[in-house]
Structures are given as structure tokens and as C-alpha cells.
Amino acid sequence: MKTDDTKTIPAIEELAGLWRRSLIAWPEGPRDTTTWVNWMQGPRAYLDLRQPVDKPDFHDVHGLRQLEAAQVAWMAEQEGFAGSLHFDGTYYEWRREIDFQPQAIYSDEGKLWYDGDMMIEEGRDIAYIEHWHREPIKLEPICAMRLKGRADGVRGFLLRVGPLFMYARGRSAEMPAGKHLRELVAAAPNLQAAQDLVDCEISQGTVTSAGWIVQRSSLPFREAQDIDPEHFAQAGGDYPHGMLVTRDTAPDGRGMLHHWDILDVEGDANAIPQPQNMRAAR
């Protein structure tokens, strides 16, 4: 933590935890207090999910191919990202490796400072103010894994902070930068192409005795599912951190497994479950 004139600026290490946004405001007047926004910060890795109000009913949807056009249109309004947080002494930069929206033409940089129990964020390239509030959760154990899909090469992240986690899986298809996802969905030649455009998962959930249960997701049909991560620390190959296996959902709604090579680990890798036979051997 440091003081800049009258502002108390946090160090990255102090930001670990879960933050809830209560406000974003722009100089010309618009403000938003209704979008659901959570940002989970690890030692460096972060995940962020932002969902608008008026969510359609997804109870009868079990996979990507069951989504209807109105549901896809709502999903295209979501935002979310995963990557790593950096600080140059003045500005924080949220570098994105996964972005639910097409890549922005501007960097995601801003200043942070405390105002009582609240933290203020002020944008650099875009003028905005956000109000953030720390959620009262345990901060240990903490672990972040940066991932690469073994079969498809997509990027992924898994971050656990205490009893909560966030998980991200990128999409396979590249999207043109500088557009909004709603524009791409509206221009899609058919429903299946529109469904593929929103096939990027950013989920938040809780670690329980019943599993790692998703509570919120950019893919709403994933909610209430168990991602059931297993860390194979001695998987061999080119990645010394081993392999991660998670439960996923195929486009037709059937369960499937996703196998990940672990590119980097931050924090305590024991926070991610290992198979029972590996735990017994330790």
C-alpha cells in the first residue's frame, strides 16, 4: 500500500479476494447500478463476470444447441474476462487472455484507491468511475492455474480464493476486434453460428462437500453443475505443473471432460483437488 497525495493506493497483493461492483459512471452522465459484476483477484491472475438484468429463463436449456435466439441475444450483452493484473506504480492494467466480448481497441488500465471501505477505479483510456466493495470471504487457500486445452488449444483459467472459485474457458473461433458481440450475433447467418459466438465460459461458484458448484455463468446452462477439477501433478509431458481435468458440457448437452495442460500455477496448488489415489500416495 502506498499514499499518493491524499489517496491510499493498494498493492496488487492486497487485492486478493472477491470484489462486487455497485456503480459505473461516465462523465457525460450515464450510470449503471443494476449490472451484476464480480471480480475475483488472485496473486496475479484475475477473472471478471458482468451480467445484465432481465435474464431470460434457461431452465429447459442443457447445452449450447438448445439456446433460442432471444437467449443468445441476452448472452451477447454479457462481459467477462480472465488474465493477469499488472501495476506500473501509477496505473493498474488488467491484461486479458480470455474476453467474452471481441477484443477491445483500447487497453484496460486505470487507477485504484481506497475511499473508506470502498475502492474507486478511474479509467485511463476511457473516462469512467467504478465503485468496488470487498466481499467478506476467507482468503485461503488461494490458487490460480493458467491453462491450455490439450485437444483444442483454447485458453483457460481456474482461480480459487477460500470457499469460492472462478473458471474460464475461451472460445475456439477468432472474432474481429473492435465490435460488440451483439453486432456479430445479429449478423450471424444462422442460429448455430450465433450460438458458437457466445460459446465462452466464465463461471463463479462455491467449493462444497458436494463439489465445485457453479452459481453464475456466462453459459447459464452450466449453473448448478459441478466442474469437479482434478489436478494430476505428475502428468509428465512438456508442462511441469501437470494436467487439470474438468467436467464440461458438450454442445448437445451431454457431459464431457476437458483436459488441460497447466501453463502456470500461482499460490497453493494443493487448493485444487488431486485424484484420491494420488492424495493417498502423498
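State the dimensionless ratio Rg/Rh of region 98-152 (Rg: radius of gyration of Cα atoms; Rh: Kirkwood radius). List each step's numbers first, then the result.
Details: Rg = 16.1 Å, Rh = 14.8 Å.
Reported Rg/Rh (Cα atoms, Kirkwood Rh): 1.09.
Hey, what do the phi angles of region 207-217 turn into as Karplus ³J(HN,Hα) couplings, whole Hz, using 6.51/-1.76/1.60 and θ = phi - 60°, x for Gly and Pro?
Result, rounded to whole Hz: 8, 10, 5, 8, x, 9, 9, 6, 10, 9, 7.
Can you list the lysines whose alpha carbon sits under 26 Å from that of Lys7, skipping same-chain ones fewer than 8 residues off?
Lys111
Based on DSSP H runs of at least 4 residues, each adding -39500 (n - 2.57), what is the mean residue ellipticity at 222 nm of the chain after dividing by all its residues, to the nearest 500 deg cm²/dmol?
-2500 deg cm²/dmol
Normalised by the empirical 2.2 N^0.38 Å for globular proteins, what value does the Cα Rg of region 149-199 take?
1.45
Convex hull volume of the Cα atoms in the chain, per residue, in Å³? Don't skip to the end; give the middle numbers.
Working: hull volume 40.9 nm³, N = 282.
It comes to 145 Å³ per residue, whole-number rounded.
Given R₀ = 41 Å, what would the calculated FRET efficiency be for Ala224 paired with Thr6, taking r from the Cβ atoms and rounding to 0.05?
With a Förster radius of 41 Å, E is 0.35.
Between Arg124 and Gln192, what FRET efficiency follows from the Cβ-Cβ distance if R0 is 45 Å, with the result rounded to 0.05? Numbers along the way, then the final one.
Working: r = 39 Å, r/R0 = 0.87.
Using R0 = 45 Å, I get an efficiency of 0.70.
Using only the Cα atoms of region 196-251, construct the convex hull and provide its projected area averaged over every direction, in square nanometres to one decimal.
Details: hull surface 20.1 nm².
It is 5.0 nm².
For Trp26 and Met256, calculate 0.36 nm times their separation in residues minus their Cα-Cα distance, and state this gained length in nm to one decimal.
Full-extension gain reported as 78.5 nm.
Size of region 39-111 along its principal axes in angstrom, Cα-based, largest extent first?
If we take the Cα atoms of region 39-111, the spans are 48, 25, 21 Å.
Would you please give the FRET efficiency between Gln215 and Tyr239, computed as 1/(1 + (r/R0)^6) with r the Cβ-Cβ distance and R0 = 41 Å, to the nearest 0.05?
0.85
Bear in mind that the values in this text are calculations on the coordinates, not laboratory data. These figures come from a predicted structure and were not determined experimentally. All Cβ positions, glycine included, derive from the backbone under ideal geometry; neighbour counts span all protein chains shown.
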